[in-house]
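The values are calculated or read from the model by the stated rules, or taken from the named source; none is laboratory data. Note that the structure is a prediction, hence the values are computed from the model and not measured. Here the Cβ is made from the backbone with ideal geometry for all residues, glycine too, and neighbour counts use every protein chain on show.
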Amino acid sequence: MKERGFIEKYEAVLSPTKAVEGLTHEQWLEKIPQVDAVIVLGSGLKSLHEEKDVLNVHGKMRTIAAYELYRLGKAKEIIVTGGIPTGGDYDRSMADAEEEYLVDNFDVPKSDVIKEPGESSESTIENFENIVDLLKNKNIRTAIIVSNGYHIPRAEALFKKLSAQHGLSIEVMGIPAEEILLERSPHYRKLVEHYDIAEKALEHPQRVKNYIKKEGIGLFLAHIDRKDVIARKRAEIRNKKNTPQDK
């Protein structure tokens, strides 16, 4: 980041004219700036008996992408987030599953993986709120948010808003896990292509419609709901629906 500003590097990574046209995947990766930390946003855990409490596909994609950035020297540490998913009989948090995946599969030193304090978040807002003190205490000044492409605009807007609310001065960029994994191996290319939301729109139009609706409303609220009153109310209603009632 010495030769030019973070925002200029951000534009070099995400601008189609600078980053996509004529660049190889390796050249694009090279343009990603070094940051203090990569933040992995929790996606969920599998609930099937034989795979209970392991990362779901999106969670795995985000975690592997964060590792790739770490491996390439783009980040010194990986911050993992996500509480115990609602609406199911889960025994662990998403952050715990992400940490385990990084340590067991990629030999990332446990000291370089930082779990969300409390591991209690149930939404993107809470992902960020629960790591505010951590970011302050570790003097994080630059970060990359890793999520799936459909989620990045809302996540980035929320992070910037919450950073301002808490007096943080952090330069942040959001990068889709799909972009990191696309050229990692034929296996991951197939994985990314299989979960391409444009392709899924043909197979599962209602599911994709719900994704778009959720992210669109969330992005809108991130800009107009200054204190997140509406977003918190929606999360409260959602959690009540997912909480079993005593008979």
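There is at least one residue in the range 49-67 that is touching a strand residue (DSSP E or B) at 6+ places or on another chain (Cβ under 9 Å) and part of a strand (DSSP E or B). Please verify whether the range 40-47 includes one or more residues that are over 13 Å from Ile145 (Cβ atoms), among the small types (Gly, Ala, Ser) and not in a loop (DSSP other than H, G, I, E, B). The answer is no, given that none of the residues of the range 40-47 is over 13 Å from Ile145 (Cβ atoms), among the small types (Gly, Ala, Ser) and not in a loop (DSSP other than H, G, I, E, B).
Inspection of the range 172-183 finds a residue satisfying the criterion of being in contact with a Lys or Arg (Cβ under 6 Å, 6 or more places away or on another chain) and modelled with pLDDT of 85 or more.
Take the residues in the range 81-103 that are of a type in the set (A, V, I, L, M, F, W, C) and more than 13 Å from Asn127 (Cβ to Cβ); name whichever of them is modelled with the lowest pLDDT.
Going residue by residue through the range 81-103, those that are of a type in the set (A, V, I, L, M, F, W, C) are 84, 94-95, 97, 102-103.
In the following step, the residues that additionally are more than 13 Å from Asn127 (Cβ to Cβ) were identified as 84, 97, 102-103.
Values: Ile84: 92, Ala97: 95, Leu102: 97, Val103: 96.
The selected residue is Ile84.
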